[in-house]
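Chemist: Here it is: the structure, laid out below.
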Amino acid sequence: SWEVLANGSPYKSGHLDQLDLEPGETVEVKIPYDNMTPDPGVEYILNMYVTRPDEWGIVPQDHLYASEQMMLPFSSQPVPEGSDPLSLVNVTNAGTDMQVAGENFAVLFDMTKGIMKSYRYKGREMILNGPRPDFWRPPTDNDYGNGMDTRDGDWKEAGKNAVMISGDVKTPAMNRAVIKFSYDIPGKDCRKIGFLVTSYTVEGNGMVDVSYSFTKTDNRLEEIPRIGMQLQMPSAYSDLEWYGRGPHENYIDRKTSAFVGIYESTVSEQYVPYVRPQENGYRTDTRWLRVTDGHGTGLQFEGSPAFCFSALNYLHDDFESPGRLAGYRPDAKLVNTHLDDVKARDLVCVNIDFGQMGVGGDDSWGARTHKQYCLTDNRYSYSFRIIPLTGTE
């Protein structure tokens, strides 16, 4: 059987005649999805499934033997979105804070730390903290086995310790304000290991475009565990819907089983309780993500064109173990975090990332992540948009 998805929603589908071929033989079939005229801004994806309607030995009826997904090679450029010139923004200062406000919304920036510290829409607080640069991921068993926790340790606190060196505010139009921050990124010994520029373009309708441009300046560091930004939302925003890979967790080197589609879940369901807590719950190739309460109020994040995300009731530190775990240790109970140590927090920690390194190697006692799945470039940039949602809009 086959189906074509248009921006993740069913568009066309059908069944092929029963295939009759022996092992080692091939057959060519025609899938009649041609003569499609693409709509502007819509991507089309073909899913294929091979099943058998009867039992075959111990294999049950309708068992899925194989599946595949591929992008269809046609598209049409989206219609550019226009901004409302009558939706004005008002920029005001209050001590070290600066507020950009418009009808129904207010965004507050800490101009000494270079962060968005609050986002309110129609009287509701949407963001408690962030977005902040994030270069770290809780080490996996494989990471501990190959020494990633020490080899890449400079990146663990790098985002938290970012030093803002400049902040700039411009209003290129009456319905737009641009806030730009530059940071030095320090390593463990306070030496500079990177330089980061983030900018926030606040539109009069409340949307915020976030851009991120990072340069690694210390070439002694081979790889970066994560390139992204982390923010925190109130725990009331517990519902998730996204257009990307799912429904299960997936990583750059563990994603072919996770088809691109539209999925729904909750924040609490994102947590994967590995026997020893570690990195978990990631999603890749995401076009958009909605984090809302039970009434549809919350935030939508849109990629340009895609991003990776996690949304958990936990922080990175909740999944870390304080000691090196490769090999036997008589004090293992003291240095190893256990499932009972992981307690849900009264927040939603959201990462909107360019990505993170793969979770390989091929074993947990020394093999490194394959190079093609590591973040080893000296420059990375990406962007995303934040859109406020209510149940009626």
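Chemist: For the range 68-77, just list the computed ³J(HN,Hα) in residue order, Karplus coefficients 6.51, -1.76 and 1.60, θ = phi - 60°, integers in Hz, with x standing in for Gly and Pro.
Modeler: Per-residue couplings from phi come out as 7, 9, 8, 6, 7, x, 8, 6, 9, 4 Hz.
Chemist: If you don't mind, another one. Tally Lys/Arg at +1 and Asp/Glu at -1 over every other residue whose Cβ is under 13 Å from the Cβ of residue 340; what's the total?
Modeler: Net charge in that neighbourhood comes out at +1.
Chemist: Once phi is turned into ³J(HN,Hα) by the Karplus curve 6.51 cos²θ - 1.76 cosθ + 1.60 with θ = phi - 60°, what whole-Hz value does each residue of the range 112-121 show in order, with x for glycine and proline?
Modeler: 8, 9, x, 9, 7, 9, 7, 9, 10, 9
Chemist: Using alpha carbon centroids, what distance separates the range 221-239 and the range 3-49, in Å?
Modeler: Using only Cα atoms, the two centres lie 36 Å from each other.
Chemist: Could you tally the net charge around residue 211, taking each other residue with its Cβ under 11 Å from the Cβ of residue 211, Lys/Arg +1 and Asp/Glu -1?
Modeler: Every neighbour counted, the sum reads +1.
Chemist: Excluding residues on the same chain fewer than 8 positions from residue 12, give the lysines whose Cα lies under 21 Å from its Cα.
Modeler: Of all the lysines, those that pass the test against residue 12 - Cα under 21 Å, at least 8 places apart if same chain - are 30.
Chemist: Explain nothing, just the number: dipole magnitude of the chain about its Cα centre with +1 on each Lys and Arg Cβ and -1 on each Asp and Glu Cβ, in debye rounded to the nearest 20.
Modeler: Computed charge dipole of the chain: roughly 1700 debye.
Chemist: Would you kindly compute the Cα radius of gyration of the range 23-111 and its largest Cα-Cα separation (Dmax), both in Å?
Modeler: 26.8, 75
Chemist: Quick check on the chain: helices-only [θ] at 222 nm, where DSSP H runs of length 4 and up contribute -39,500 (n - 2.57) each and the sum goes over total residues. Nearest 500, please.
Modeler: -500 deg cm²/dmol
Chemist: Now for a separate question. Using θ = phi - 60° and the Karplus relation 6.51 cos²θ - 1.76 cosθ + 1.60, list the HN-Hα couplings for the range 150-167 in order, rounded to whole Hz, with x at every Gly or Pro.
Modeler: 9, 4, 9, x, 4, 8, 4, 9, 4, x, 4, 9, 3, 9, 6, 10, 6, x
Chemist: To the nearest µm²/s, what D does Stokes-Einstein give for the range 1-43 at 25 °C and 0.890 mPa s, using the Kirkwood radius over alpha carbon pairs as Rh?
Modeler: 193 µm²/s
Chemist: For residue 113, list the lysines whose Cα falls under 16 Å from its own Cα; do not include residues on the same chain fewer than 8 positions away.
Modeler: 160, 180
Chemist: Return the whole-Å distance between the Cα centroid of the range 80-153 and the Cα centroid of the range 316-393.
Modeler: 20 Å
Chemist: Roughly what percent of Cα-Cα pairs across the range 238-343 reach past 24 Å?
Modeler: Of all Cα-Cα pairs in the range 238-343, 34 percent lie more than 24 Å apart.
Chemist: What FRET efficiency, computed as 1/(1 + (r/R0)^6) with R0 = 35 Å and r the Cβ-Cβ distance, is obtained for residue 42 and residue 336, rounded to the nearest 0.05?
Modeler: So, using R0 = 35 Å, E works out to roughly 0.10.
Chemist: Turning to a different aspect of this structure: When the distances between all Cα atoms of the chain are binned every 20 Å from zero, what whole-number percent does each bin get?
Modeler: 24, 53, 22, 2
Chemist: If packing is taken as the average number of other Cβ atoms within 10 Å across a peptide's residues, how do 172-178, 23-29 rank, most packed first?
Modeler: Highest mean packing first, the order is 172-178, 23-29.
Chemist: Would you please put 252-262, 352-362 in order of how densely packed they are, using the mean number of other Cβ atoms within 10 angstrom per residue and starting with the highest?
Modeler: Ranked from most to least packed, the peptides come out as 352-362, 252-262.
Chemist: Amide H to amide H, which residues 5 or more places from residue 272 or on other chains are under 5 Å from it, using H placed in the peptide plane?
Modeler: Correct list: 281.
Chemist: In Å², and per residue, what accessible area does the chain have when probed at 1.4 Å with the other protein chains present?
Modeler: 50 Å²
The values are calculated or read from the model by the stated rules, or taken from the named source; none is laboratory data. What you see is a predicted model, and the numbers here were worked out from it, not measured in a lab. Cβ: placed from backbone, ideal geometry, glycine included. Neighbour counts: every protein chain shown. In case anyone asks, the SASA skips ligands and DNA or RNA and just uses the protein heavy atoms, side chains included. Shrake-Rupley method; radii C 1.70, N 1.55, O 1.52, S 1.80 Å.
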